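> Take a look at the following structure, please.
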């Protein structure tokens, strides 16, 4: 499980990042990224809408896979970023392992990748 310091506190955080952030695309998800003024913990939000699946069990499976991939990559993400991940309909058909692989590649190529460990 990811600690609360890595989560958004309300709808206004999601709205701000979606409105002001820069959108990056991957094959199965998008990410809206906004650099904050502070260098605190990176914060994340996930949006898996009903367009992805009408079944809440499917949407929750996707969210669990995303959170797991984020948990494994937390040490590779710079502080001071707010990131909202937006699921695409193709995510319904891929496995958690493939989500992890795609997330690894996405973070490695991103602006918020921590170059030195």
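Just so you know, all these numbers are worked out from the coordinates, no wet-lab data involved. Worth saying up front: this structure is predicted, and the values here are computed from it rather than measured. Virtual Cβ from ideal backbone geometry, glycine too; neighbours counted across all protein chains shown.
> Among the listed residues 51, 18, which satisfies the condition of being farther than 19 Å from residue 112 by Cα and either in contact with a strand residue (DSSP E or B) (Cβ under 7 Å, 6 or more places away or on another chain) or without any contact (Cβ under 8 Å) to a residue 40 or more places away in the chain (or both)?
Sole residue among the options that is farther than 19 Å from residue 112 by Cα and either in contact with a strand residue (DSSP E or B) (Cβ under 7 Å, 6 or more places away or on another chain) or without any contact (Cβ under 8 Å) to a residue 40 or more places away in the chain (or both): 51.
> Residue 24 - would you say it is in a loop (DSSP other than H, G, I, E, B) and within 17 Å of residue 77 (Cβ to Cβ)?
Here the answer is no, as residue 24 does not meet what is asked.
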